[in-house]
Amino acid sequence: MTRVAVLDDRFHQVYGAQRNALLLARLLAQGGHEVSFHTTAEGPLADAARAEGLDVAVLEAPAELRVFEKAALSGGLAVKLRTAVALARYNRALGRALAADGVEVAVPAAVRPALHLLGWRAVGRATRRRRRLVLFAQNNTPFGLPAAAAGLTADRVGLIGPDCLRTFPSWAQGRIRPKTVPLPSGRDLARFARPAAPTPSPTPGPVEVVTVANIEPRKGIDRVIDALADPALAGRCHLTVVGGPTGPKGEALLTDLEARADRLGVSVTFVGWCDDVVPHLHAAELMVLASSEEGLPGVLIEAMAAGLPCVTSAAGNAGDLVTRCEGGAVVPVGDTAALAGALARFVDDAVLRAATGARAAELVAEHYDLAAFARHAEAAITFDDTRGDRR
């Protein structure tokens, strides 16, 4: 049995990355380890962790750190200095808390939580205590020096997909790659299985298309709307967008997307934030994801488990995921014409939609169920101290 702390500081909303972190913590606890889930403030993430039955520890962070990672780690020199001081102070407090709890393995679920733990690691080395750091890398957005510091000091780096190595600068990847381990996303796929195959839309009714994505530019919802306005698809589909905006920029983008859909004559329903996407997946006939940046999108796993064919951009590991599960079509990032063509192929053929969805549901269960994720998680935190840091 190992005392494990899983950390994530993005308390604002519970996105796919946070759900992966919560699942990781829950499976490790079910595997017999003593697990605590740490976050920097009370909010939806702490509430979700408690709902999972996890032992939750909230150590309040200063205002400079209670923003999204990129905002905290970017900006002018004054912002960087304030953030650096806040990180150092919080690092010290968190290190003391973890040491007092006897934590042996810490699993930060993003770059900045890994930086919080550097002091905890340093004290462990000074006192000859084994303190392991396993960074859970869940996106493929290049992150510069902070990512390099986190990746190079970690004992292991769990990659949710091979493309997530791009989180780290190219000059650091050679040193980080040997200590990477697969930690792919897992899901309780039985929850997403639909009781029956999707019912084809009655002619001339629209085909129900769904996308599950935050309202932010990188998710490409504007490209989906543009694709559905293509002459080959115009008036033949209804799009449901499951996901909401965060902050004023997200609200402004939502307003722009609504106006765009109205101008182009595309039928769209914006559902907003939703705790349970299953009813929306079961009501759909086709899933689309047009992101410009991704890690390994859990929403595609869930959609395929629900028997939906998926049309996705090749962002991150999204294309590899759909290809591996024979789950639909992959188009180049940003290519609206290719997106429209792929969507039209499935909109035109109800038999193809049903056959592709059934095959995807079968294969996704083989690769991404909870049992597979649990095996990977156990391997990631297990160290053989008689042979050094590697398993």
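The values are calculated or read from the model by the stated rules, or taken from the named source; none is laboratory data. For clarity, every value in this text was computed on a predicted model and none was experimentally measured. Neighbour counts run over all protein chains shown; Cβ positions are idealised from the backbone, glycine included. Ligands, DNA and RNA are excluded from the accessible area calculation, which covers all protein heavy atoms including side chains. Shrake-Rupley method; radii C 1.70, N 1.55, O 1.52, S 1.80 Å.
Just one residue in the set 284, 329, 340 is open to solvent by less than 20 Å² (accessible area, probe 1.4 Å), among the aliphatic types (A, V, I, L, M), more than 21 Å from residue 373 (Cβ to Cβ) and in a strand (DSSP E or B); that residue is 329. The selection criterion, being touching a Ser or Thr at 6+ places or on another chain (Cβ under 7 Å), crowded, with 20+ Cβ neighbours inside 10 Å and without any contact (Cβ under 8 Å) to a residue 24 or more places away in the chain, does not hold for residue 298.
Checking each residue in region 26-51 for being assigned to a helix (DSSP H, G or I) and in contact (Cβ under 8 Å) with a residue 60 or more places away in the chain picks out 27, 28, 30. Of the strands (runs of 3 or more DSSP E) lying entirely inside region 147-262, those containing at least 3 residues that are of a type outside the set (Ser, Thr, Tyr) and over 17 Å from residue 16 (Cα atoms) span 207-212, 237-242.
If you filter region 356-375 down to residues that are among the charged types (D, E, K, R) and closer than 26 Å to residue 181 by Cβ, you find that the one that is most open to solvent (accessible area, probe 1.4 Å) is 375.
For region 311-331, the tally of residues that are polar (S, T, N, Q) and closer than 19 Å to residue 366 by Cβ stands at 2. May I ask you to list the residues in region 177-206 that are open to solvent by less than 40 Å² (accessible area, probe 1.4 Å) and either modelled with pLDDT of 95 or more or among the small types (Gly, Ala, Ser) (or both)? Within region 177-206, 185, 186, 201, 205 qualify.
Considering only residues in region 72-83 that are exposed (fewer than 14 other Cβ atoms within 10 Å of the Cβ) and in a helix (DSSP H, G or I), the one that is modelled with the lowest pLDDT turns out to be 80. Here residue 275 meets each of (1) in a loop (DSSP other than H, G, I, E, B); (2) in contact with a strand residue (DSSP E or B) (Cβ under 7 Å, 6 or more places away or on another chain); (3) free of Cβ contacts under 8 Å to residues at least 12 places away in the same chain with one exception, condition (2). For region 16-33, the tally of residues that are farther than 18 Å from residue 159 by Cβ and open to solvent by 30 Å² or more (accessible area, probe 1.4 Å) stands at 5.
Scanning region 339-347 turns up one or more residues that are at pLDDT 90 or above and either under 21 Å from the mean Cα position of the chain (by Cα) or among the β-branched types (Val, Ile, Thr) (or both). In region 34-65, the qualifying residues are those that are small (Gly, Ala, Ser) and open to solvent by 20 Å² or more (accessible area, probe 1.4 Å), and the one that is nearest to the chain's Cα centre (by Cα) is 48.
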